[in-house]
Each structure stands twice: as C-alpha cells, then as structure tokens.
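Notes to accompany the following structure.
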Amino acid sequence: MSPAAPHSAAPQACAPTTDIVLLAGNPNTGKTSLFNALSGMRAKTANYPGITVDLRKVTMPIASPDQSQPPTFIDLIDLPGLYSLEPTSPEETVSSEALQGRRLGTPAAVVLVLDATNLSRNLLLANEVLQLGLPTLAVLNMIDSAESSGIEIDQEKLSKQMECPVVAVSARTGFGLDKFHRELDALLAKNRATPALPIARPSCSVGCTGCRYAATFDWSESVVAQSVSGNREPRNENYEWIDRILTAPLVGTLSLLAIMLSVFFLIFSLADIPMSAIESGFGWISDRVDGIIPTETVHKALWIPLITAIGMATFAMGYRLAEIRWGKRAIGVAVVTSLLIALLPLEDFRSLILHGVIGGIAGVVVFLPQICILFFFITILEDSGYMARAAFVMERIMRRVGLPGKAFVPMLSAHACAIPGIMATRTIENWRDRLVTILVLPLLTCSARLPVYAMISALLFGANPLLAALTFAGAYMLGLGAALLSAWCLKKTIIAGEAAPLVIELPPYRMPTLRNAFFTTLDRASVFLRNAGSIILLISVILWAMATYPKLPESAVAQQNDSAELDSGSLAQQSLEYSIAGRTGKALEPIFSPLGFDWKINVGVVSSFAAREVLVSTLSIVYGMGEEGADDEAGLVEKLRRQKRADGSPVFTTAVCFSVLVFYVLAMQCLPTQAITKRETGSWKWAIFQLVYMTVMAYVAAMITFQSLAALGFNA
Ligand SMILES: Nc1nc2c(ncn2[C@@H]2O[C@H](COP(=O)(O)OP(=O)(O)OP(=O)(O)O)[C@@H](O)[C@H]2O)c(=O)[nH]1
Ligand SMILES: [Mg+2]
C-alpha cells in the first residue's frame, strides 16, 4: 500500500476532531476500492473474497458542504469482509469486534458497503449492523454494474426501510463520491451534536439462532421486494457454463496451465524491446561515466564527495522506503563505505563504479520489464474473477496433500513475495494447517526469482519466446509441485492432521480496470527498484570488494607482463581467482561440482544467500571483471554464453543451465523470509528447519538434474 494523494495519512495535529469511521460489509463488495477512491491510497484489491485480512487506517478530511468551515478529519478504517457479526474466521472476528467497539472504541459512524448487484444477500449483514444502533450510512457500491445489468434500486424507499441514509456510488468510476462526502459529514455532525448510544448486542443462546436468522431473511427479502425492480437475478447466470468448464477437474487444470503459459509467452514476446533499451541505456551511462572519471587526483577529490553523497542518499532512502528500521545504522554503513571509497586508488575507484555499482544494478534492473508485464497480467486475471475459479481447481489438489483450502490466497500472494504470503496465512485458524502452509510457501515462485529464470531461459533458448515461456512455466510448476509434495510429506510425518476444506463464493466476472493493473504494476516495479537501489547495491559493492582484494602481488603481475601470451583478459581472470571471492568459489568446488557449477557460479550462490536476485548481479560483476578488456557493451546473457572452461568447452551448457534453474527454484535464498517465518511461528526452530529442508532438496534435485542431463550428452 502506498500513499498517492498528498492529504492521505495527514498529520493529526491539523485535525480538530478525528472520528473513527468503519468501512464494513460482505467480502468482495468493494470496501477497499472505496477506501482507495476516498483516500488516494493504493491498498490491494482483487475480485475474490478475503483479500483484506486486517484493519487498515488512513486519516483524511471529509469535505464539508459549507466551504467556510474547515473540513472534518476522520480515521477511515477498512475492515476485512464479514458475513455476520458471529464470526467464523480470525479476520471476521477483527471486523465484528471493531463494529462492536471492542477494538478501536465506539466508532463515530459505520459506512455499510453493499454490493448493488447482490442486495438481498448483503442485507443479512446490514440487518445485524443496523441493530447495533450506530450512526450508519449505507453505500450502494458497484452502481455502474447494477445499472448495466438492468437492476433499478429506489434509494428513497431503501433508505426508509433501512432507517439510515443511502447513497449510490461506484468506487471504480468515482460516481457519487461527492454526495457520499456530504452525507457522511452530515451524519458525523449529527452524531457530534447528539451522540448515538450503541445498543449492546445480546449474546445468542442456543435455540434463538434459527428464528433470528429467519426473521432477518424475511426482512431482507421484503426490503428487496419493495425497493428493487428490473432484473433482480442478474448474477452469473449467463456465465454458469463457463464456470462449469473452468472449475472442472481436468479441463479446469488444463485451462489454468494454458492461461499461465500464454501469460509467460506474452512476457517474453513483449519484454524484448524494453529490455534491450535498458541494456543500451546502462551501456551508455557506463561509457559516459567512464569518460568523465578523472585521471588526476585533484579531480578525483571533487568526484568522490559527489559519488558518496549520492550513495548515502540512495542507501538512506532505500532503507527508509523498505521500512527497515535501522536507518541510522544504514547511514553509518554508508559513511564508513564512503570513507573507504575515498581511499581507493583511481583504477579501483573506476572499477568499483563501472563493475560494482553500474554492472551490479544493471544486471538486475534489466529484468524489470518482465516483472512489470507479469504483474500486469496477473492483476487483470485477479480482477476478472478468474483467480477464484483457479482457487477451486487448485483446492482439490491442495486438500489431497493436506494443505487447507484457505492456503490459496497466501499462495497467490507468495507469487509476488513470500513475506506477504506468510503474513496472509493468519486467516488459517488451525495452527498445524497454518504451519505447513508457512513452511512450504517460499517454494512458490516469487518475483525475486524472475531475473534468475529470465536469465536462464535467455541462455537456453535465446530469442524463442515459446520455449522461454515453457521454461518459465516449468519452473513455476516445479516450485508448486515441490510445495505440494513437501506439504504432503510434512502432513504424513511431523505435522499430521486433516486439512480444512475451502468454502469460497465464486465472485461475478467483472471487467478488469487498466488503472488498477497499472498501479499494481507500478507498485511492484517500485519495490523491485528500491531493492536494486539499496540492498542489491550494497551487496554488489561488498561483492566487488571481495572480487578485487587481495590483489595479485606485484611480482605475479610483472611476470605476467613479461609473458609473451599476455592478454588483459587472462590477467583479470588471475586477479579474480586470487581475490577473496575467487578463493571462496574455488574452496566450494568440491561441494558444488556435482551440480555442474563452476567456481564463479559458486560465488553467486554464496552471495545470493540473502536475496536470490543477487545471483544475477553477482554473475554480472564476476564475469564482467574476469573479462576486463573484452567487449563491455555486451549484455549479461551474451557474456555468460561465451564463458569457457579450462578445456575450452562452454560453462553454461544445457545441463548447467537447468541445474542452476532447479537449484534456484527450490533453494531458500532469502533472509527476510527467514525472519518472517521466525516471527510468525514464534521460534527459530521452524525457520532453521525451512532453510535446511529447502537447501537439501535444492541440492539433491539440482545434482540429479545435472548428472542425468550430462549422462544424456547435454553437458557439451
Ligand atoms: N464494476 C465495479 N467494480 C468494483 C467497484 N468497486 C470495486 N469493484 C471491484 O470489486 C472487486 C472487489 O473489490 P475490493 O475493493 O477488493 O473488495 P473488498 O470488499 O475490499 O474485498 P475483501 O477485502 O475481500 O472483503 C475488485 O475486482 C474491484 O475492482 C465498482 O464500483 N464497480
Ligand atoms: Mg478489502
């Protein structure tokens, strides 16, 4: 979620009164969309129930109709959806307690968000909320869809029946929001003049439930009968046949595969041009910077403060935006790094800027277009309502391996990043079900793996988008298959127990909005760039130092210079082998050679322990430095493709590429995920278990892949 409007989260100091206003309603009625439309925030929305799982707050002004009056400030709270005040899941409990004043105190008003295309069902909850006696404003959201489906709602009659003001809006188009502001302001003013006394909700004893529900049902039917005309049952009837196909066991699974394959195909077909543009852009920057890096000490003295100031600002901003709470320490690290940089000899300084900073960042950023295209299409699929059908298809398989149906939404989130995925498991009531889900989630392909997949696909199949898409799809399937298999093993051994089935309401198909897809893509892109500008930059600088020092002794360089066969490439290669990174990579050879990795890939494996995408920047740095003097303009994939072993055979053979791919699909290379696993499970025990089982699985699977492909002759 990121603020987009200047007034969002305005400081309380300028707020004379801050009333709490709750946005409540059934799941998938557009509460978060309304929250975003009112506040300018960009909280996650999607066309399936259960997206919001916790309270979300923004302090914002509500415009008063009287322009001479200052605006009223409210704390607008977006609640998770609920079907009844008697909760059946943790997120419903959050909403129910907030509505009954047990979380944030008595709210000043409740905005009851109703789906105008499905009023009779929404009125069941409305009835319970109205009985709380709080000042309530009913919002008929999705009025655009209702109108286009031929549903006519008499707002005056509805308001009379519900005994509260009613306003029709479309959170999507912005229709009715002015009126919403006026009505809410009037409601709050009235409440301030004569505060409503909330009515304590009677605790329900066994036996009363039936009659109360029957009465609520009759009330909602009679309200609909009197206030709704036109097409009363427009939902999904025309699309039932599509649902039957998309949720059928075999055809549904094949459709899911075909849809994902098409998305991957589009990624590769569309990303080519922007990727080449980014690559040439970085090439251009590199040339310019190389041209202006001074050759005289006095110029260097001017240069270094500038570079270090930019570096410090980037680090500080990166950490602040990434919400890592060690900003001061980050600045400390930047200051020390800057001082060290200031002491560098000119040639090393040049290499740091060209290889460490520009090379490291360029290696990762070049994959930005693919990440953007993927998230754009995933958002379109989510908004259309298709993902809820996919949940149905997957649920059958998930339940067989012991994963609860509710794990689907966390699994979807984990495709962006395992961290929100693990946090979303809070909706799973049963602790054992939740633990299994947390332990297997990092196996699903997150966006940090995409640069690695893209690099390997390009190495293997170059410009063939279909084969590259198949490699991508294969990697996704391998991650999913490994997650399902691991869940099955865990449920059969240490965390036994029956998994709860999924009860999900299929949402209607909706036309996705390009705006939502665009902003979601923008948010993902900014997270990716922030990482590239902070953590990846930091690791790249450290790695550059490890790949540069200690330097070859003068005597060895002189000996090389005397040699007749000298070329600058082989000297660079020797310097690299002599460095800490080179020695580490070489020391690891006995461990990783059964996987087909050469010592430079080993350096990548070690450096990407904290974050997977670092593999790409590391290879970019290590192979770039080992090739000093060669064509620096070439992109990473080109550089990797021409790497040779001592015997002259290529390093990145088909067997090696697949082995690296399998390793990165399965390995736990992500420190922040480990920290979140520890936090959510309450102990390091499970975080360490996760690290060990995933690393062992990655190692064994990559070894089997390499050895079998090599035996079939694919290692030449
Ligand atoms: N046509 C139309 N679609 C809307 C409108 N408001 C929301 N939507 C769509 O409805 C879907 C659900 O929206 P959300 O805002 O995530 O709904 P929510 O009530 O917050 O859902 P939960 O958090 O799961 O309870 C999304 O696909 C939105 O794009 C609207 O006014 N018109
Ligand atoms: Mg929501």
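How much net charge surrounds GLY582 when only other residues with a Cβ under 13 Å from its Cβ are counted (Lys, Arg +1; Asp, Glu -1)? Value of the local net charge: +1. Within the same chain, lysines fewer than 8 places from LYS57 are excluded, and of the rest, those with a Cα less than 16 Å from its Cα are LYS31, LYS44.
Neighbour counts of other Cβ atoms within 10 Å put HIS181, HIS355 in the fewest-to-most order HIS181, HIS355. Listed by chain and number, the lysines whose C-alpha is less than 21 Å from the C-alpha of LYS190, apart from same-chain residues fewer than 8 away, are LYS160, LYS179. Less than 5 angstrom separates the built amide H of ILE62 from those of THR72, PHE73, ILE74, all sequence-distant by 5 or more or on a different chain. In order along the range 468-485, the phi-based Karplus estimate (6.51 cos²θ - 1.76 cosθ + 1.60, θ = phi - 60°) of 3J(HN,Hα) comes to 4, 5, 5, 5, 4, 4, x, 5, 4, 5, 4, x, 5, x, 5, 5, 5, 5 Hz; Gly and Pro are listed as x. Close amide H partners of LEU79, meaning residues 5 or more places away or on another chain with modelled amide H under 5 Å apart, are LEU23.
Over all pairs of different C-alpha atoms, the range 12-235 has a mean inverse distance whose reciprocal, the Kirkwood radius, equals 17.7 Å.
Annotation: the residues VAL605, VAL401, VAL336, sorted from fewest to most other C-beta atoms within 10 Å of their own C-beta, follow the order VAL336, VAL401, VAL605.
All of the numbers you see were taken from the coordinates with simple rules; none came from a lab. Keep in mind it's a predicted model, so treat the numbers as computed, not measured. Don't worry about glycine lacking a Cβ; one is built from the backbone with ideal geometry, like all the others, and counts go over all protein chains shown.
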